[in-house]
Amino acid sequence: MDMVRQRLPIVAIDGPVGSGKSTVARLLADRLGFLYIDTGAMYRAAAWKALREGMDLEDREAVGALMERTQIELEQAGSRVRVRCDGQDISAEIRSPEVSRATSAVADHPRVRSRLVEMQREMGRRGGVVMEGRDIGTVVFPEAQVKVYLDATAEQRARRRTEELEASGMAVSYEDTLRDLLERDRRDRTRDVGALRIAEEATVIDSSAASAEEVTDRIESLVRRLQVEERSDRI
Ligand code: DC
């Protein structure tokens, strides 16, 4: 079993807020029987804890030190992921706009990033994972066999985010969501460590006009092609 697992690839999916990464990564992991790892949820859990402790979110040292005494776990629950922080299920709380804004600040801190990147490498070490975030193909697993950068227009992404938040029972407006998203984009693209950019050799997919199924089909074909190439290499 171990030997088989070691051969399974790592699929890295990066992209901005609302590009459809989570839906596509989850669908793909389901189809391939891979583990789905939502790294954004880990940054969100860190921010949730910093908020709960009433910390100054811009204080690099304090927030960095907090990570040493914080336990974050991702647990697959059917096709959903349950997020636990120090044992407490915070899966719903971490999706609020307040936590989203705080996460953007907390994710800037190098000590937070190095701790979470270390955990992510450990989770993906044996392959057979679909990992999504901002820096998976550039920092966490630059050697991933399949790297995808998913993009869409800001307007399309804001529409998607608004629908998602409304579906989970939150009252939000499209205008506020778009403003938040543009601010998070700016921070995501300009942070000193782990900034969002297209990894070398990444396949760029524009999801503006494509359904989640169509985008998943394309990535799945990249993975299947790789598996065929590997098999023919061995013959
Ligand atoms: O994908 P998401 O919206 O759940 O991510 C939440 C925040 O975490 C977002 O502001 C970017 C940040 N993030 C990051 O810096 N690096 C990652 N690998 C994943 C998320």
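The values are calculated or read from the model by the stated rules, or taken from the named source; none is laboratory data. Worth saying up front: this structure is predicted, and the values here are computed from it rather than measured. Glycine also receives a Cβ, built like all others from the backbone with ideal geometry; neighbour counts cover every protein chain displayed. What goes into the accessible areas is simple: the full protein's heavy atoms, side chains included, and nothing from ligands, DNA or RNA. Shrake-Rupley method; radii C 1.70, N 1.55, O 1.52, S 1.80 Å.
Stretch residue 227-residue 168 to full length: gain in nm at 0.36 nm per residue minus the Cα-Cα span? Kindly include the intermediate steps, with their values, before the conclusion.
Numbers: separation 59, 0.36 × 59 = 21.24 nm, distance 3.75 nm.
Using 0.36 nm per residue and subtracting the Cα-Cα distance, I get 17.5 nm.
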For the chain, which whole-number percentage of the solvent-accessible area (1.4 Å probe, protein heavy atoms only) is attributable to carbon and sulfur atoms? 48 percent
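Relative contact order, percent, of the range 1-160 when contacts are C-alpha pairs under 8 Å separated by at least 6 residues?
Working: 245 pairs, mean separation 71.5, N = 160.
Contact order relative to length: 45 percent.
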Contour excess over end-to-end distance, with Cα ends at residue 192 and residue 84 and 0.36 nm allotted per residue: 36.1 nm
Relative contact order for the range 82-162: what percent, with Cα pairs under 8 Å and sequence separation of 6 or more? 12 percent
In nm, the gap between the two label points placed 7 Å beyond Cα toward Cβ at residue 183 and residue 218 is 3.1 nm
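Residue separation times 0.36 nm, minus the C-alpha to C-alpha distance between residue 209 and residue 153: what's the value?
On the way: separation 56, 0.36 × 56 = 20.16 nm, distance 0.96 nm.
Between residue 209 and residue 153, full extension yields an extra 19.2 nm.
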Pick out, in residue order, every one of the trypsin sites (Lys or Arg not before Pro) in the range 65-96 that is DSSP loop and has at most 15 other C-beta atoms within 10 Å; say none if there are none. 69
